[in-house]
Amino acid sequence: MTTSLQNHTAPPCSFDPKSGGFHPIRRRHYSGETHIQLLFSNSRNFSGSVSSSSLRRRSLYCCSIPMKKTENGAQGQTPVRIVTVVGEGSVSPLKSTPWYDVMLHTAEKLKWVDEGFEMLVFTDNSCRADDRTIVQLREALSQANILIIVAVTNQESVKWIRSNSQDVSNVICFDSSPTLANKLGGSLVQTKAEGNIFSKLPLAKSKKLKESEEIVQSVFESWDRHNSDDIRFCLLVIINAYIRPVPILKNLRAKGFSTLSCMVKNCGPQILNCLLDPNCRKALQCLNKCSPVDQVCNYRCIASYESPQLEEFSLCVLQKNNCLELDAKIPDKPLVTPMVHFRGENIDHEMAEDLFVGWLGNLDWSWRVVAGQNPAYDQFPCQYQLFYRGKAKGSFWYEPVFQVRTLDGDLVWRRRKYRVKRGKIPGTLSFSVLDNGVVSNEFWTIVDVSDDFSWGLFHYHGAARAAGQSYTGAVLCTPNGLYPDESQKQRLASALDRCCIKEWELFSVDNCSCKNPPLGLPEGSSLHFKVKVDDLEDSSVSV
C-alpha cells in the first residue's frame with residue numbers, strides 16, 4: 001500500500017549522548033574510510049568534516065546548552081576571538097539565506113566545540129557607519145585572532161578593512177574583492193598559484209609555506225562545499241593551526257611510520273588480501289583521491305567497492321589494533337530533549353519504540369527520510385528505515401536501506417543493521433553497528449512525531465571511536481518520503497529549533513527512483529505494542 005503526502009523536503013534531529021540521540025544512517029562509514037585514506041596519503045593533514053555552526057553576535061543560544069567549564073575552555077587557554085564582516089544584503093548559496101544569518105548561526109555552533117570561541121558578526125555597513133557601530137568594529141578588530149571577510153565588494157568598505165586589519169594575524173576572504181589579501185600566521189598567502197612563468201618552476205618552498213598552502217587549500221575546499229558543517233570546519237582548521245589546538249581535530253592527522261609499523265606487525269595478512277582483491281584495492285586507491293574533508297567522496301568509495309577484504313582490513317587496522325591511535329568521543333552538545341507526550345499520553349520506553357516502528361506493518365517500512373542535516377549522508381537517495389522488535393526478549397533493531405550511485409555509474413542498494421537499546425530517558429535510545437569493520441555508537445532522540453504519524457523528527461549524536469570521527473545531525477521522516485503538509489510548518493520549525501537546526505541547513509533526499517528496495521524483516525520479528533497499526537488507518541494521512 002502507498003501513501004499520498006504533499007511533495008516537499010524535510011528536517012533532521014539529535015540528542016544528549018548521556019541519555020540518547022539520533023543520527024543519519026551511514027555517517028560512520030565516512031569516518032572509518034577517511035582514516036584509512038590517511039594511511040596511504042602523507043600529504044593530507046586533515047580528514048573528515050566537522051559539523052558547521054555559527055554564533056550570535058552576543059553569544060545567544062538557539063537551544064538549551066549546559067554551560068560547564070571544560071578543559072577546552074579552561075582558564076589560561078589562549079582566547080579565540082573571531083570577527084566576521086559580511087557584505088550588507090549579501091546572499092549565500094544555502095537556500096539564499098543571508099550571509100549575515102549564516103555566520104550568526106556559525107557563531108552559535110562554534111560554542112559547541114569550545115565555550116571559549118567567540119565570534120562577532122558585522123555587516124560592512126559598520127565600516128561606513130557614523131555611530132557607535134564603527135567603534136565597536138574597530139575595538140573588536142584590535143583584539144581579534146581571526147578576521148573572516150565574506151562577500152564584501154564595496155570599495156569604501158574594502159579600503160577601511162585594509163586600513164584597520166593590519167594587526168590581525170589571520171585574515172581569510174571569501175567571495176570578496178580581490179584587493180583584500182589573505183594572511184595566515186601573520187604572513188600573506190595565495191589561494192591560487194600566480195599565473196607567471198616562475199610559478200611553473202620547481203622552486204623549493206619552505207616548510208611553513210607548504211603548510212600554509214595546505215591549510216588554505218583545506219579551508220577553501222571546505223568553504224566551496226557550501227554547507228554549514230564545512231563553514232565551521234574552515235574556522236576550526238585555522239584556530240587549530242595558528243592559535244591553539246582544537247581537540248576534535250587531533251585525530252585528523254596521519255601518524256607516520258608508527259602507523260605503518262603497527263599495520264605490518266598486526267595486520268599483514270589483511271593488508272595483503274586487500275591489495276590482492278580488485279575491489280578492496282580500488283577502494284583504497286579511490287580513498288586516496290578524496291579530499292580529506294569530503295565525506296561524500298569517502299563514503300562513495302566504500303559503498304562502490306565494498307568487499308569482505310575491505311571490512312577485514314578496517315577491522316584489523318582501525319578497530320582491533322587502533323593503528324592510527326584515534327579516540328573520538330560522542331559530542332554532548334547540543335542538548336536536545338525528547339518529546340514527552342504522544343496523543344495525550346506520557347511516553348514510556350515501549351511507546352517510544354512504537355514511534356520508531358512507525359508505519360511498518362501497514363507499509364513495508366517504518367519511515368522514509370525526507371531530509372537531514374548531515375551533508376554527507378543526506379546526498380544519498382532512497383533512504384528507508386526499518387525498526388522492529390527482535391526474537392529475543394527486549395531486543396530492538398534498526399536496519400536502514402539506502403541507495404548509492406557508485407563511481408562506476410551503477411545504482412546499488414545497501415543495508416546495515418544496528419542493535420538498539422533504551423536510553424535512561426523514554427524517547428532516547430543508543431545505537432551500535434559494526435560497519436565496514438568499524439564500530440559506531442550513537443544516541444538518538446525522538447524530537448517530535450505528529451499525532452497522525454505524517455512526520456517524525458529524530459536527532460542524533462554519534463562517534464566511530466576507532467576511526468576518530470564524531471558527529472551530530474538529524475533526520476526528518478515521513479511515510480512516503482515527501483515533505484510534511486504545509487499545515488505542519490510551525491510545529492516542524494519548533495522541533496528544528498529544539499535541535500538548534502535551521503531549515504536552510506537541511507539537505508533534501510532524492511526519493512524519485514526507488515524501485516525494488518531490499519526490505520523485509522527477519523523471521524520472528526514483532527512490531528507495535530501500544531500504538532497499533534490499525535490506529536494509523538484512522539489518521540489524516542491517506543494510505
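Results, tabulated for the structure shown:
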read-out: For region 314-375: accessible area per residue (Å², 1.4 Å); value: 33
read-out: Convex hull projection area averaged over all views, region 344-416, Cα basis, nm²; value: 6.9
read-out: Extension gain (nm, one decimal) between residue 327 and residue 220, 0.36 nm per residue minus Cα-Cα; value: 35.8 nm
read-out: Per-residue HN-Hα couplings for region 230-238 [Karplus 6.51, -1.76, 1.60; θ = phi - 60°; Hz; x = Gly/Pro]; value: 6, 5, 5, 4, 3, 5, 5, 4, 5
read-out: Full-stretch length increase - residue 320, residue 525 - with 0.36 nm per residue and alpha-carbon distance subtracted; value: 70.6 nm
read-out: Cα gyration tensor shape of region 402-543, rounded if a/c is under 1.5, else prolate or oblate by comparing a/b with b/c; value: rounded
read-out: Solvent exposure of region 407-457 as accessible area per residue, Å², 1.4 Å probe; value: 37
read-out: Spin-label model distance (nm) - residue 175 vs residue 532, 7 Å beyond Cα toward Cβ; value: 5.4
read-out: Efficiency of FRET from Cβ geometry, residue 272 and residue 410, R₀ 22 Å, rounded to 0.05; value: 0.20
read-out: Accessible area of region 90-187 belonging to carbon and sulfur atoms, whole % at 1.4 Å probe; value: 45
read-out: Efficiency of FRET from Cβ geometry, residue 96 and residue 419, R₀ 41 Å, rounded to 0.05; value: 0.50
read-out: Calculated FRET efficiency for the pair residue 493/residue 142, C-beta based, R₀ 41 Å, to 0.05; value: 0.60
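The values are calculated or read from the model by the stated rules, or taken from the named source; none is laboratory data. Everything numeric in this text was worked out from a predicted model, so none of it was measured. Note that each Cβ is placed from the backbone with ideal geometry, even for glycine, and that neighbours are counted across all protein chains shown. All accessible areas refer to the heavy atoms of the entire protein, side chains included, with ligands and DNA or RNA removed. Shrake-Rupley method; radii C 1.70, N 1.55, O 1.52, S 1.80 Å.
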